[in-house]
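What follows is a single structure, written as structure tokens, with notes after it.
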Amino acid sequence: MEDTVLFRKQYVISADDPLTFGEASSDIKKTLKQLGVPPDVIRRAAVSMYEAEINTIIHGGGGEGEVFIYAGRVKIVFRDQGPGIPDIEKAMQPGFSTASEKAREMGFGAGLGLPNIKKNSDEFTIESEPGKGTTVTIIVRL
Amino acid sequence: MAGIFHSVKLNREKCKGCTTCLGCPTEAIRVRNGKAAIVPERCIDCGLCIRVCPYHAKEAQSDSLDDFKRFDFRVALPAPALYGQFNPKITVDKILAGLIKLGFDDVFEVASAAEIAAVETRRVMAEKKDSFPLISSSCPAIVRLIQLRFPGLLDQVLRVESPMEIAARIVRQEIYPGKKNLGIFFISPCPAKITAVKNPLNKPRSEVDGIIPIKDIYLPLLASLSEVDVPEKKQASSFLGISWAVSQGEGDNVGGFNIAAVDGILNAAKMFEEMENRRLRNVDFIEAMACPGGCVGGPLTVENPYIAKARIRNKALELSSVMEGAPQPFLTKVNTRWLNEDLKPRPIQKLDDNFQRAIEMMDQMEKLATGLPGLDCGACGAPSCRALAEDIVRGTARKNDCIFVLREEIRSLSINLAELGAWVPQSMKRDNEE
């Protein structure tokens, strides 16, 4: 029962239009509110998802997002075919950032994205291969 | 939830059942049986529907100008927005004198109380740096919007009493303590204040006895203004206090922080959306006003909000920017905080208390939504196709309420009918028919 996916949603994450940045996270936030998930859990899920979504955009050049809701948890997955992360441990350090000048001008790339996900999620894994892309998996318990 | 007071009401006779009001920020309106119907659990009395209704079918239930006559001693609390309603030559002193001519025994400027609220706000800001950004609690429609749509942000709401309530406390507890049959009336730009008095969220009861909309007092006050020659010097509010009537004014009062001022309830909702995503960086304080331009844009005002705003700014610039006079002695005397600070979320979006059931409903909604045209035309009486899908799942609407679905059904029915009509049973067929 624990492993039955009760609800699933997929998103195409485009890096082309700044007006759509963060839309997937906003949509899931609405879904979680409709499911009656407590505000604090929604906040943690939405913040983690938003950071991961922005990473997919500014580092991965876009990709796809998928959200699975189970009886006791929500699983958020983002995949991209970007440059990958050479040193994940280093990337996890607060303040460390490889964001481009352009991304920084848009207010992103402060080096707080991954630490923020770690802080707000219950489980967090990154699989990355330089040159191939990155997959981020976040679990927030309901 | 029958019996919950709402100021905003529908005048059924005037309502044509058009869909103009469906853009409600809490999706509280549906058109049912040819008339707009307000869902009481969802309405936050922001008055957006009053502003947009072309037939003036949305009204604010308030007290009438005659109601204050049942008190022996009457005090008017004019909102600073009132000062922007008249010709710039009419001074604040003249407006205050005009109110006395109308039959009030005394006036106390809400603008003065706003200066006291600002002092308290600065104090809370200094204490709660860890919770930044904090959200202003002065607009009651905004507080209710957060309670319903953004419950995760409730802890960041300031919980400083509104200038109106602080003014009423000063009048009742400090200026006229023990006065018998004292009636305190707020001259209001908006219906949200009416609800905040009749059905308060943050205290057992309000010290305000009645509310008179600016639009109702406008003409009588205009007439009494012409009877005032040289008014007595009564104005005690400063630049800070009267600026509170316009967007950015409260922020100017708080000063010294990074302040984002947002006006218009839909703009505020968008801001809170981004705040939930932790998208707002380097913002300490959010001044949020439900009405365009600030309180001067209230649905119960008369003058164009932007004209009124310019007048308030001009009047403010003539005044000192330090608090002086009237508010000073009351600064530490009255309670400036909410009496009940524990504000419970009211998550209207929740589909069902049972998680499993909510998931099933969510699933059905997604499926239904893909079968709807996505035009959000409102002809079904719901504000959007997604809202119709939600109403269907909640059992308050049917799929055929969508005129496009209905047309599709009629079309397939007519094809079926034509096919059946052309069908000849074997016993009736003749040799030349095949």
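Considering every residue within the stretch A:27-34, establish whether at least one is in contact (Cβ under 8 Å) with a residue 40 or more places away in the chain, surrounded by 21 or more Cβ atoms within 10 Å (Cβ to Cβ) and under 12 Å from the mean Cα position of the chain (by Cα). Steps first, please.
Of the stretch A:27-34, the ones in contact (Cβ under 8 Å) with a residue 40 or more places away in the chain are A:28, A:32.
From the residues that got through so far, the ones that are surrounded by 21 or more Cβ atoms within 10 Å (Cβ to Cβ) too are A:28, A:32.
Those left that are additionally under 12 Å from the mean Cα position of the chain (by Cα): A:28.
Looking for residues that are in contact (Cβ under 8 Å) with a residue 40 or more places away in the chain, surrounded by 21 or more Cβ atoms within 10 Å (Cβ to Cβ) and under 12 Å from the mean Cα position of the chain (by Cα), one finds at least one in the stretch A:27-34, hence yes.
For first residues located in the stretch B:163-183 and touching a residue at least 24 places away in the same chain (Cβ under 8 Å), partners that are loosely packed, with under 15 Cβ neighbours inside 10 Å and among the acidic types (Asp, Glu) and lie 6+ apart or on another chain with Cβ distances below 7 Å form the pairs B:Lys180/B:Asp72; B:Asn181/B:Asp72. Checking B:Leu375, B:Leu413 one by one, the residue that is among the hydrophobic types (A, V, I, L, M, F, W, C), exposed (fewer than 15 other Cβ atoms within 10 Å of the Cβ), modelled with pLDDT of 90 or more and part of a loop (DSSP other than H, G, I, E, B) is B:Leu375 and no other. Only strands (runs of 3 or more DSSP E) whose full extent lies in the stretch B:1-49 are considered here, and none of them has at least 3 residues that are open to solvent by 30 Å² or more (accessible area, probe 1.4 Å) and among the charged types (D, E, K, R).
So, in the stretch A:83-97, how many residues would count as being within 22 Å of A:Gly131 (Cβ to Cβ), touching a Leu at 6+ places or on another chain (Cβ under 8 Å) and part of a loop (DSSP other than H, G, I, E, B)? Total meeting the criteria: 1. Looking across the stretch B:203-250, the residues that are within 20 Å of B:Val171 (Cα to Cα), in contact with a Phe, Trp or Tyr (Cβ under 7 Å, 6 or more places away or on another chain) and buried (at least 19 other Cβ atoms within 10 Å of the Cβ) come down to B:Val208, B:Asp209, B:Gly210, B:Ile211, B:Ile212, B:Ile242. List the helices (runs of 4 or more DSSP H) that sit entirely inside the stretch B:229-306 and contain at least 2 residues that are among the acidic types (Asp, Glu), farther than 22 Å from B:Ser162 by Cβ and within 14 Å of chain A (Cβ to nearest Cβ). Result: B:265-276. Scanning the stretch A:1-26 for residues that are surrounded by 12 or more Cβ atoms within 10 Å (Cβ to Cβ), away from chain B (no Cβ under 12 Å) and of a type outside the set (Val, Ile, Thr) yields a count of 3.
Just checking, does the stretch B:349-361 include any residue being of a type in the set (Val, Ile, Thr) and outside any helix (DSSP H, G or I)? No, that holds for no residue. When B:Thr370 is tested against (1) over 28 Å from the mean Cα position of the chain (by Cα); (2) surrounded by 20 or more Cβ atoms within 10 Å (Cβ to Cβ), exactly one condition is not met: (2). Within the stretch A:1-26, restricting attention to residues that are of a type in the set (Ser, Thr, Tyr) and under 13 Å from the mean Cα position of the chain (by Cα), the residue that is farthest from A:Gly60 (Cα to Cα) is A:Ser26. Of A:Glu101, A:Glu66, all but one fail to be open to solvent by 50 Å² or more (accessible area, probe 1.4 Å) and either more than 10 Å from chain B (Cβ to nearest Cβ) or modelled with pLDDT of 95 or more (or both); the exception is A:Glu101. Looking across B:Ala310, B:Ala316, one residue alone is among the small types (Gly, Ala, Ser), surrounded by fewer than 20 Cβ atoms within 10 Å (Cβ to Cβ), closer than 23 Å to B:Ile187 by Cα and more than 14 Å from chain A (Cβ to nearest Cβ). It is B:Ala310.
Condition check ((1) surrounded by 14 or more Cβ atoms within 10 Å (Cβ to Cβ); (2) in contact with an Asp or Glu (Cβ under 8 Å, 6 or more places away or on another chain)) across all residues:
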{"position": "B:Pro299", "(1), (2)": "yes, no"}
{"position": "B:Ser320", "(1), (2)": "no, no"}
{"position": "B:Asn354", "(1), (2)": "no, no"}
{"position": "B:Ala382", "(1), (2)": "yes, yes"}
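Note on the stretch B:135-190: among residues that are of a type in the set (D, E, K, R) and within 14 Å of chain A (Cβ to nearest Cβ), the one that is nearest to A:Gln34 (Cα to Cα) is B:Arg149. Cβ-Cβ contacts under 8 Å between residues 6 or more apart (or on different chains), taken from a first residue in the stretch B:333-351 that is without any contact (Cβ under 8 Å) to a residue 12 or more places away in the chain to a second residue that is in a loop (DSSP other than H, G, I, E, B), are listed as B:Lys350/A:Leu35; B:Lys350/A:Gly36.
Does A:Gly111 meet the test of being in contact with a Phe, Trp or Tyr (Cβ under 7 Å, 6 or more places away or on another chain), under 30 Å from B:Ile359 (Cα atoms), within 14 Å of chain B (Cβ to nearest Cβ) and assigned to a loop (DSSP other than H, G, I, E, B)? So A:Gly111 fails the test. Screening B:Ile90, B:Ile50 for residues that are under 22 Å from the mean Cα position of the chain (by Cα) and aliphatic (A, V, I, L, M) leaves exactly one candidate, B:Ile50.
The values are calculated or read from the model by the stated rules, or taken from the named source; none is laboratory data. If you're wondering where the values come from, they're calculated on a predicted model, not measured in any experiment. Because the Cβ atoms are built from the backbone with ideal geometry, glycine has one as well, and the counts that use them run over all protein chains shown. Remember, those area values only see protein heavy atoms, side chains included, never the ligands or the DNA or RNA. Shrake-Rupley method; radii C 1.70, N 1.55, O 1.52, S 1.80 Å.
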